[in-house]
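K.L.:
Dropping a structure here in structure tokens format, bear with me for questions.
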Amino acid sequence: IAGITQAPTSQILAAGRRMTLRCTQDMRHNAMYWYRQDLGLGLRLIHYSNTAGTTGKGEVPDGYSVSRANTDDFPLTLASAVPSQTSVYFCASSAAGGFNEQFFGPGTRLTVL
Amino acid sequence: LAKTTQPISMDSYEGQEVNITCSHNNIATNDYITWYQQFPSQGPRFIIQGYKTKVTNEVASLFIPADRKSSTLSLPRVSLSDTAVYYCLVGVYSGAGSYQLTFGKGTKLSVIP
């Protein structure tokens, strides 16, 4: 059982380029999340989805979009990357939304130049 | 958003008990408090969750006073492998089945031999 997988592991991207970070879970969890982690700022929620077909904005949604076409996948898209989006991105899932235990992926390290 | 405050770092010798406190003075009555542990280059993982008073599991205890304005994660007899960053997670119910989840900025625990 893989749990949560993220791809790519790391990426260097030119500013202005479009980028999609992939996240897949095999636990049949209803809720999924995207966080960014920056030194000194901890983890900040970007977007979430409580169930397939629905999404919501977190604390720092600007510049990012998500979709939830099915239960397993929750891609995060940067339409036009900027250097301030340089960060480590973590995807997580939980059985349901709210305060259920979240299971995190290994992260994607993104550098925007 | 719920606001949280944690110490940036703590040091402890092996075998000692470590207490890490998170202040969260605006969480709602029905919100849970959750703690996560993160090792370098990994995603966070769930440690413990509580609503009020005291919760204990095989790795930690969580103390929540009656006013719920703070919570304390207690790690008994720490070892070198407990060196990690510890995050508290709180949330505020925002209506329509949605919660705004906020991680603290994390406390880096260094266990010294």
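K.L.:
Among the residues of the stretch B:47-69, write down those that are within 11 Å of chain A (Cβ to nearest Cβ), modelled with pLDDT under 95 and either in contact with a strand residue (DSSP E or B) (Cβ under 6 Å, 6 or more places away or on another chain) or open to solvent by less than 30 Å² (accessible area, probe 1.4 Å) (or both). First the steps, then the outcome.
P.N.:
Keep residues of the stretch B:47-69 that are within 11 Å of chain A (Cβ to nearest Cβ), which gives B:47-51.
Adding the requirement that they be modelled with pLDDT under 95 leaves B:49-51.
Within the stretch B:47-69, B:GLN49, B:GLY50 meet the criteria.
K.L.:
Hey, any hits in the stretch A:62-76 for a residue that's open to solvent by 10 Å² or more (accessible area, probe 1.4 Å), at pLDDT 95 or above and closer than 19 Å to B:GLN42 by Cβ?
P.N.:
Within the stretch A:62-76, none of the residues are open to solvent by 10 Å² or more (accessible area, probe 1.4 Å), at pLDDT 95 or above and closer than 19 Å to B:GLN42 by Cβ.
K.L.:
Okay, next question. Would you mind listing the strands (runs of 3 or more DSSP E) fully within chain A where at least 2 residues are within 11 Å of the chain's Cα centre (by Cα)?
P.N.:
So the answer is A:4-7, A:19-25, A:31-38, A:42-49, A:64-66, A:76-78, A:87-94.
K.L.:
What are the pairs with Cβ atoms under 7 angstrom where one residue, in the stretch A:31-53, is closer than 19 Å to B:ILE8 by Cβ and the other, located anywhere, is assigned to a strand (DSSP E or B) and open to solvent by 30 Å² or more (accessible area, probe 1.4 Å)? Sequence gap at least six, or different chains.
P.N.:
Between residues of the stretch A:31-53 that are closer than 19 Å to B:ILE8 by Cβ and residues that are assigned to a strand (DSSP E or B) and open to solvent by 30 Å² or more (accessible area, probe 1.4 Å), the close pairs are A:LEU43/A:GLN37.
K.L.:
Select, from A:VAL112, A:VAL82, the only residue that is β-branched (Val, Ile, Thr), buried (at least 16 other Cβ atoms within 10 Å of the Cβ) and touching a strand residue (DSSP E or B) at 6+ places or on another chain (Cβ under 7 Å).
P.N.:
A:VAL112
K.L.:
Can you confirm whether A:ALA52 is open to solvent by 30 Å² or more (accessible area, probe 1.4 Å), within 30 Å of B:TYR51 (Cβ to Cβ) and within 11 Å of another protein chain (Cβ to nearest Cβ)?
P.N.:
Here the answer is no, as A:ALA52 does not meet what is asked.
K.L.:
For A:GLU101, indicate whether it is without any contact (Cβ under 8 Å) to a residue 40 or more places away in the chain, open to solvent by 60 Å² or more (accessible area, probe 1.4 Å), at the interface with chain B (Cβ under 9 Å from one of its Cβ atoms) and touching a Leu at 6+ places or on another chain (Cβ under 6 Å).
P.N.:
no
K.L.:
Those residues that are outside any loop (DSSP other than H, G, I, E, B) and surrounded by 15 or more Cβ atoms within 10 Å (Cβ to Cβ), I need them from the stretch B:24-45; list them, please.
P.N.:
B:ILE33, B:THR34, B:TRP35, B:TYR36, B:GLN37, B:GLN38
K.L.:
Output the qualifying pairs, or none if there are none: Cβ atoms under 9 angstrom, residues six or more apart or on different chains, first residue in the stretch B:56-79 and within 22 Å of B:GLY91 (Cα to Cα), second residue at pLDDT below 95 and among the basic types (Lys, Arg).
P.N.:
Qualifying pairs under 9 Å: B:SER61/B:LYS54; B:LEU62/B:LYS54; B:PHE63/B:LYS54; B:ILE64/B:LYS52; B:ILE64/B:LYS54; B:PRO65/B:LYS52; B:ALA66/B:LYS52; B:ARG68/B:LYS52.
The values are calculated or read from the model by the stated rules, or taken from the named source; none is laboratory data. Note that the structure is predicted; figures quoted are calculated from it, not measured. Cβ atoms come from the backbone with ideal geometry, glycine included; neighbour counts cover every protein chain shown. For accessibility, only protein heavy atoms count, side chains too; no ligands or nucleic acids. Shrake-Rupley method; radii C 1.70, N 1.55, O 1.52, S 1.80 Å.
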